[in-house]
Amino acid sequence: MAGAAALLLAGCGSFDGKREGGPNAGPTPAPMAVSGDGPVKIGEPYTVAGVTYTPADVTDYDEVGYASWYGEERAGRATANDETFNPGAVSAAHKTLPLPSYVEVTALDTGRTILVRVNDRGPMAGDRLIDLSRGAAEQLGISEGGTAAVRVRRTYPPMAERTQLRSGNPVPERIATPDSLLSILRNKLKAQPAPKTAVATEPAAPIASGNAKPGDDRLVIEKAGAKKPESKPAPKPAAATKVAPAKPAPASKPAATDGSYAVQVGAFSSEANANAAAKSVGGSVRKVGNLWRVRMGPFATDADAKTALGKAKAKGFRDAAVVRDR
């Protein structure tokens, strides 16, 4: 019995580059452009809501975070790799993985694991790791409009399973993840702020797409380094001899200080999540379009901003970045 348990753990892959048990596996196979999946696209860096994302071919990608849900609102439209989005297929959107690629998605509350084909970009809300199609969300047991804590691990399935997913059909679920490994994954997730389950009246989080246009329901992607329109500075308050005592600013929105550097912590689809994130890092919240942006600063020097960046990353905000207002 103990030997069987060891074999089960050995088959559960790795997390953060470390095996959870059993003998070391051979090197991760390099991704291949196969019939129906090629050419594989990685893409150039792009910027959404002030945050730059850099697509990369990470062969051993293995992260925990939150999965969101999207469906009929995108039916029939082009995905970021120019396929037609089918909400009933088992597919997903990810910020940086190659398109297409394949991942095992594990629900951390139940241990259920499914195989998903990634063929789109998104979600751009700061508290989301992956956006599942309706078909994928239903197979994993996520209700419409809801979110779930998940593990996303890149994998390289056999040709038969790739073909089945490309045709829009699910493949059988993987072996359920053991409780011992689920415990490790849940502890890893504790450092990240947990989002509240979306309600039916809350709009779906915007998702970036390489085909987005102004006015589309997805965000417009700007290439990294592109010049942005200058924003007008806020007018200075008029001088006065006496003023009424000012009310203290909320903890999540501290008063700005002089400086041109800031740390972009993330952009959230939920104001409550943004406030929670801002409180955890001592940042401020500002609404930008349909998102709530969280920033730390401003700071007078780049060194001060990088110190704050380290604090944000230590709190679990891995996409945080230093930005400069010119």
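The values are calculated or read from the model by the stated rules, or taken from the named source; none is laboratory data. If you're wondering where the values come from, they're calculated on a predicted model, not measured in any experiment. We place every Cβ from the backbone using ideal geometry, glycine too, and count neighbours over all the protein chains shown.
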Task: Subset of the stretch 136-149 (residues that are surrounded by 21 or more Cβ atoms within 10 Å (Cβ to Cβ), in contact with a Ser or Thr (Cβ under 7 Å, 6 or more places away or on another chain) and either of a type in the set (Gly, Ala, Ser) or at pLDDT 95 or above (or both)) - done: 136
Task: Odd one out for residue 72, checked against (1) at pLDDT below 80; (2) of a type in the set (Asp, Glu); (3) surrounded by fewer than 16 Cβ atoms within 10 Å (Cβ to Cβ) - done: (1)
Task: Yes/no for residue 172 being farther than 25 Å from residue 57 by Cα, free of Cβ contacts under 8 Å to residues at least 40 places away in the same chain, surrounded by fewer than 24 Cβ atoms within 10 Å (Cβ to Cβ) and more than 16 Å from the chain's Cα centre (by Cα) - done: yes
Open item on the list: What are the pairs with Cβ atoms under 9 angstrom where one residue, in the stretch 45-74, is more than 22 Å from residue 270 (Cβ to Cβ) and the other, located anywhere, is of a type in the set (Asp, Glu) and surrounded by fewer than 15 Cβ atoms within 10 Å (Cβ to Cβ)? Sequence gap at least six, or different chains.
Closed with: 54/44; 55/44; 62/16
TODO: List the strands (runs of 3 or more DSSP E) that sit entirely inside the stretch 259-305 and contain at least 3 residues that are surrounded by 21 or more Cβ atoms within 10 Å (Cβ to Cβ) and out of contact with any Lys or Arg (no Cβ under 8 Å at 6 or more places or on another chain).
DONE: 291-299
Task: the stretch 310-320, residues that are surrounded by fewer than 22 Cβ atoms within 10 Å (Cβ to Cβ) and aliphatic (A, V, I, L, M) - done: 314
TODO: May I ask you to verify whether residue 202 is exposed (fewer than 15 other Cβ atoms within 10 Å of the Cβ), at pLDDT below 75 and more than 26 Å from residue 323 (Cα to Cα)?
DONE: yes
Task: Tally, over the stretch 284-294, of residues that are modelled with pLDDT under 90 and either out of contact with any Phe, Trp or Tyr (no Cβ under 9 Å at 6 or more places or on another chain) or among the acidic types (Asp, Glu) (or both) - done: 4
- [ ] For the stretch 267-287, enumerate the residues that are within 18 Å of the chain's Cα centre (by Cα) and of a type in the set (A, V, I, L, M, F, W, C).
- [x] 267, 268, 272, 274, 276, 277, 278
- [ ] Determine which member of the set 58, 34, 64 is out of contact with any Cys (no Cβ under 9 Å at 6 or more places or on another chain), in a strand (DSSP E or B) and either modelled with pLDDT of 75 or more or within 29 Å of residue 175 (Cα to Cα) (or both).
- [x] 64
Task: Which numbered condition residue 160 misses (of (1) in a helix (DSSP H, G or I); (2) in contact with a strand residue (DSSP E or B) (Cβ under 9 Å, 6 or more places away or on another chain); (3) not β-branched (Val, Ile, Thr)) - done: (2)
